[in-house]
1. With an 8 Å cut-off on Cα pairs and a minimum separation of 6 or more residues, tell me the relative contact order of the stretch 744-851 in percent.
2. Taking all pairs of different Cα atoms in the stretch 369-467, averaging 1/r and flipping that mean, what Kirkwood radius in angstroms comes out?
3. Any idea of the accessible area per residue across the stretch 637-796, 1.4 Å probe, to the nearest Å²?
4. What is the extension gain from residue 322 to residue 675, computed as 0.36 nm multiplied by their sequence separation minus the C-alpha to C-alpha distance, in nm to one decimal?
5. Suppose R0 equals 41 Å; then what is the FRET efficiency for residue 693 and residue 596 from their Cβ-Cβ distance, rounded to the nearest 0.05?
6. Which loop trypsin sites (Lys or Arg not before Pro) in the stretch 234-307, with loop taken from DSSP, have no more than 14 other Cβ atoms within 10 angstrom of their Cβ?
7. Which trypsin sites (Lys or Arg not before Pro) in the stretch 144-205 pass both tests, a DSSP loop state and at most 16 other beta-carbon atoms within 10 Å?
8. What span do the alpha-carbon atoms of the stretch 231-276 cover on each of the three principal axes, reported in whole Å from largest to smallest?
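The values are calculated or read from the model by the stated rules, or taken from the named source; none is laboratory data. If you're wondering where the values come from, they're calculated on a predicted model, not measured in any experiment. In this analysis, Cβ positions are derived from the backbone assuming ideal geometry, glycine residues included, and neighbour counts consider all displayed protein chains. Please note that ligands, DNA and RNA were not included when accessible areas were found on the heavy atoms of the full protein model with its side chains. Shrake-Rupley method; radii C 1.70, N 1.55, O 1.52, S 1.80 Å.
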Amino acid sequence: MMTLKVQQSLRQFIALSLALLLGTGWASAGVLVTGTQGVTMTGIDGIRYVNTSGVTMTGIDGVGYPGANSLHAAHVDGVTMTGIDGVTMTGIDGVTMTGIDGTTYHANSVLIRQANGVTMTGIDGGQQTGLQSLDPELAIWLDRATDDSNVNCVVVYHQTVTDTDITNLQRAGINGGTRYRKLPMVTMTATADQLLTVSQLAAVRSIYKVRTLQWSADSHLLRTGVLRARADSDLRRRGNGEPYSGNGVTVAVLDTGLDATHADVAGRVARNVKLADMMGASAVGFHYPVNVENLPNTDQLHGHGTFVGGIVAGSGSMSGGEFAGVAPGARLLGLSAGDVNLFHVLAGFDYLLQNGAAEGVRVVNCSFSANTVYDTNDPVNIATWMLTRAGVNVVFSAGNTGPGPHTLNPYAVAPWVVSVGATDERGRLSKFSSRGDWGSQLFRPTLVAPGENVVGLRSGLSPVTGVSGAAAGQDTAQIAAGRLPFYTTASGTSFSAPQVSGTIALMLEANPSLSPAQIRDILQRTATPLPLYYGHEVGAGALNAHAAVLEAAFPHRRAGLWRATLDQGQVTFVKDAQRLFSGMAAPGAPHQTTLTVPEDALSASFQIAWRGVSPTSDLGMKVYDPRNTIRADANVLNVPGLTGKRESATITAPMAGAWSVRVAQTVGLVGAPQEYYGVMDVTRITYAPLKDLDGLSDTSRDEIRQMLHTFGMLPEGKNFRPGHGVSRGELAATLVRTGRAPQYLPGYPTYSDVTDTTTMNYVESVQHAPEGAFFPGVTANGRFRPDDKIDRATAAVVLVRAAGLRAEAENFTGGQLIFPDWNQIPLEYRNYVSVALRHGLLTAQGSNFRPQVHLTRAELAHAMTVIAAR
């Protein structure tokens, strides 16, 4: 073992890196820190959080390696912990990102600063020197290594690699490896002793162990608004009568490869590249990556990349256009990383930096992730930063390790990339979709898109069952028999991400001058809110390709500006101090811990992590509520990597009281006792006092509070005014803020009395909803009357349509309820009133319906709560 004295700062870093398995405090980007008491969220969420900053992990030292053999790191004292999936190494704890609240910014305006104000180093001219970061997995390896043990690694430099740098590596005894044409890094095989020497070079920024990554593995076009964008008359006129299709834009797919012989992409694959870096094969010399170009099929084993490429730009020719991709006019550049080894991924990024501009690459789709933590100095993050600076939009899948918190793909955390989670066919967040961290503007997906049972291309040589992730029998349920040789189905955030990549191609065809930061801003502002979820789960909401392409084509149509006005101090989200626990689970003898969940908790998250005394070591976790009812049974497949041995579960709206966490060995009576460490995170909500809620029933008060904390309805000063009538404009706003209608802004106002941007955004959205207008009896070029109070009869129509019950109302045969004032309801509204009453959206008032009485704010809160529960 190495005899070099372990430096205290790096020992602390190793312990902290491993403590990431259980999470820590928040040092998120893009937030305004107010004193030492918390973080005020600005912009997209309008949500105030407290106690989300400065939480210090204690009692976790047992996970560390106090005797670890380590490298000399000159600046590691400034490690900032940012949650279970994040290490920030003195360089990204101050990301300032404006634009989500209406401010336009460009790719280079993202300010990434250190505490001393130094701009991010190593890629943009910064002058800092010395080791800034060490891969936690490499730290673990070093602890166990002998002086002559070999490891495949990536050495990242502060600046472009020079011949002097290569000479210094050779002096350290490293005779060969791979250097890159654009990336400031070298991959090599080195001994622990050689790495110690390399770590002391002033030009070296970080060192990372090579790892194998994972793939984050029709009707979706309707839900995302792609079909609306194709049919939009304004976009067609601007496109000379044709819909935007991504023409002139190339999307790179860094994946398992592309089957360019598939009819749906044949002739439109710009290049098909096999990334065949043979790092280490040569005993002498540092060589550039070896890539093989223009192969007909680089996806002969997996099918994953072909599936992804088809979602981006498939023509749909083998399905009569039914399964066309989002941007069928775009070109594809296939980059086959094969088994998605880090060597090959870096070779792909380097290839794009060298050749992408010549091929018109403006987007790269990355549907892969890693079982590690977020670090600014990770070579993948440096590569994606460089691509973003070069004007390339980098899209990552959020990962498939949900539903627990702190599970976000570490490569999807970087604030310059677009990260995409997954929803199901009903628009609900998929259970598997990875989540970020409460109160963090950094650890969250950018937005979500459909990711369950998606139809895509089948590679000609891939397995007959299609892409891994397809549900049993799903192919035959969704695809006609004659099309099965060409298409298959799959689920995963891998297949949500390319829908966003295709949308970006449409946006760039409409406006090639858009920067990556502007595109990210538009995608977030135009997204459809998902009020049942929070920002760390779904980001800004669901992809709305129609509104995004409209704003790209017509920059004055700025949707979603209302997002910056939501926070009126009505609610505060409080993240309690973490509760740590630990135990020893022996074969046949589970270990149980009791934890108390307080009142008013919105969520309680339970996590355990362990080092593993043997390769087969595996633990499962069950969570029981105060009634001893099992609420979670977490036992996912554990995989190699720093974050591979852990389990997590999140309980929404947990009851107050004593909860139990039971941890057991999953290998039966075989194996040794296993020590584990756990943490419980609780997020509570507090409401600003409103003067006029005391006289209401508990149910009504709860419904109002639900609307307040989801920002569907806003207070009026220090009152809610539950008995006040709802205006037509307010009802439209509520429907948009709760995601009942995707955002839309036309070129010119449809109604003569709705001309300001915010009111237009609300009214035009509900009146141009995909299912048809919500408000009846309003004609184009007429008056919408946004300030008029809405009566209960008209409200019944609007609410039934917003609930997705239009067809039931228009075909209603269930017999009408008879009220004394029934004849006062317009004939064409009576079926709607019956359906509204049947589903509990509205209730009778005494023995009458009172159709001409104004809908009250309390009644609206009730109706929206019922709709949300559907």
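1. Rounded, it is 24 percent for the stretch 744-851.
2. It is 14.6 Å.
3. On a per-residue basis, 40 Å².
4. Gain on extension, residue 322 to residue 675, equals 121.8 nm.
5. 0.90
6. Details: sites: 236, 237, 238, 268, 271, 274; in loops: 268.
Sites meeting the loop and neighbour criteria: none at all.
7. 181
8. Per principal axis, max minus min of the Cα coordinates gives 46, 19, 14 Å.
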